[in-house]
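Undergrad: Submitted below is the structure of interest, expressed as C-alpha cells.
The values are calculated or read from the model by the stated rules, or taken from the named source; none is laboratory data. Here the structure is a predicted model, which means the values were calculated and not measured. Positions of Cβ are backbone-derived with ideal geometry, glycine not excepted, and every protein chain shown enters the neighbour counts. When the accessible area is computed, the model is the full protein with side chains, heavy atoms only, and any ligands, DNA or RNA have been set aside. Shrake-Rupley method; radii C 1.70, N 1.55, O 1.52, S 1.80 Å.
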Amino acid sequence: LGENKSNYLVVVRPAGLRRLERATTVAAVLPLLGQGDVERGKALFFATGGAGGSKCHRTDAKQGLGFGPDLGSVVKQADRKKVVTSILEPSVEVKEGFRMLLVVTNGGKTHTGILKEETGTALTLLQPDGGELVVRKAEVDERLSQKISPMPSFERLLTPRQVADVTAFLMSLKPKTSRKGD
C-alpha cells in the first residue's frame, strides 16, 4: 500500500476592503484597544487586499526606504491613541519630510511627490510606487508644500476592531522597556 500525499497549498488573505457606510472614529476604537489582535493586525497591514500599509511604510529600517515613514521608529514615541489617529486622520500630523510637494511646470503640468533630493538644477520627487521623478528647476514655475498627508484615511475602510488590530500590531514593534523587578 502506498502513502497518500497531498500537495495543496492554502493561502488565506483578507478580501478587498469594502467602503463602510459610517466612518470609524477614534472614539469608537479606543475602548477596543485592549482587545486588539497582533496577528490579525499584521495580516491586515501586509495584505494587498487589506490595509496595505506595507506598500508605503516599512516596519523595520532594514527593509529599505519607503514612501512613508518607517513605522518601527515612529511608534517608539507614539501611544496607541496617536497611532489610531494617524490611521483614521493622517493629515492631523504629518511627519517632517513626508509632506507632499506640488510642482507646477512652466508648461502647466503638475507633479506631486515627496521631495527626496534637491540640487542646484533639479528636484527629485519620490513617487508612491517607489519610483523617482526628476524635474529640472528651470522648468519649475511654482512649488507648494501640501499640508496634507499622502496617506489615505482608513476611516471608511477599516472597522473599529480592524483599527484596534492594526494598532496592536504596530505597537508590538515598539521596543519593550524593562521595569524594575522584571
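Undergrad: When segment 123-144 is examined, which residues are found to be within 19 Å of residue 108 (Cβ to Cβ) and not basic (Lys, Arg)? Give the derivation first.
TA: Residues of segment 123-144 within 19 Å of residue 108 (Cβ to Cβ): 123, 125, 133-144.
123, 125, 133, 134, 135, 138, 139, 140, 141, 142, 144, listed by residue number.
For (1) assigned to a loop (DSSP other than H, G, I, E, B); (2) under 30 Å from residue 85 (Cβ atoms); (3) of a type in the set (Lys, Arg); (4) at pLDDT 90 or above, each residue gets a yes or a no:
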{"position": "129", "(1), (2), (3), (4)": "yes, yes, no, no"}
{"position": "161", "(1), (2), (3), (4)": "no, yes, yes, yes"}
{"position": "164", "(1), (2), (3), (4)": "no, yes, no, yes"}
{"position": "171", "(1), (2), (3), (4)": "no, yes, no, yes"}
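Undergrad: Quickly run through segment 160-177 and pick out the residues that are open to solvent by 70 Å² or more (accessible area, probe 1.4 Å) and of a type in the set (S, T, N, Q).
TA: Across segment 160-177, the qualifying residue is only 177.
Undergrad: Taking only pairs six or more apart or across chains, which ones have beta-carbon atoms under 6 Å, a first residue in segment 130-153 that is surrounded by 13 or more Cβ atoms within 10 Å (Cβ to Cβ), and a second residue that is modelled with pLDDT of 95 or more and part of a loop (DSSP other than H, G, I, E, B)?
TA: Every condition considered, the pairs that remain are 137/121; 139/106.
Undergrad: Look through 157, 102, 115, 123 and report the one residue that is crowded, with 19+ Cβ neighbours inside 10 Å, not in a loop (DSSP other than H, G, I, E, B) and not hydroxyl-bearing (Ser, Thr, Tyr).
TA: Details: 157 fails: not in a loop (DSSP other than H, G, I, E, B); 102 fails: crowded, with 19+ Cβ neighbours inside 10 Å; 115 fails: crowded, with 19+ Cβ neighbours inside 10 Å.
The unique qualifying residue is 123.
Undergrad: So, one more: Which residues, taken from segment 138-160, are within 16 Å of the chain's Cα centre (by Cα) and closer than 14 Å to residue 93 by Cα?
TA: Passing the criteria: 148, 149, 150, 151, 152, 153.
Undergrad: Shifting gears a bit: Given the condition among the acidic types (Asp, Glu), in a strand (DSSP E or B) and either modelled with pLDDT under 85 or closer than 30 Å to residue 22 by Cβ (or both), answer yes or no: does some residue in segment 63-84 qualify?
TA: Yes, because at least one residue in segment 63-84 is among the acidic types (Asp, Glu), in a strand (DSSP E or B) and either modelled with pLDDT under 85 or closer than 30 Å to residue 22 by Cβ (or both).
Undergrad: Okay, moving on. Take segment 1-51 and flag every residue that is of a type in the set (Lys, Arg) and modelled with pLDDT of 50 or more.
TA: If the condition is that a residue be of a type in the set (Lys, Arg) and modelled with pLDDT of 50 or more, then 18, 19, 22, 40, 42 are the ones that fit.
Undergrad: Here is a further query. Quick one: is residue 91 closer than 25 Å to residue 19 by Cβ and small (Gly, Ala, Ser)? If you could, list the steps in order and put the result at the bottom.
TA: Working: closer than 25 Å to residue 19 by Cβ: yes; small (Gly, Ala, Ser): yes.
So residue 91 fits the description; yes.
Undergrad: Further question: Restricting attention to segment 86-118, which residues are among the hydroxyl-bearing types (Ser, Thr, Tyr) and more than 22 Å from residue 46 (Cβ to Cβ)? Give the steps one after another, and end with the answer.
TA: Our first condition is that a residue be among the hydroxyl-bearing types (Ser, Thr, Tyr); within segment 86-118, this holds for 86, 91, 105, 110, 112.
Within segment 86-118, 91, 105, 110, 112 meet the criteria.
Undergrad: What's the number of the condition residue 69 fails, among (1) in contact with a strand residue (DSSP E or B) (Cβ under 9 Å, 6 or more places away or on another chain); (2) closer than 21 Å to residue 168 by Cβ; (3) open to solvent by 30 Å² or more (accessible area, probe 1.4 Å)?
TA: (3)
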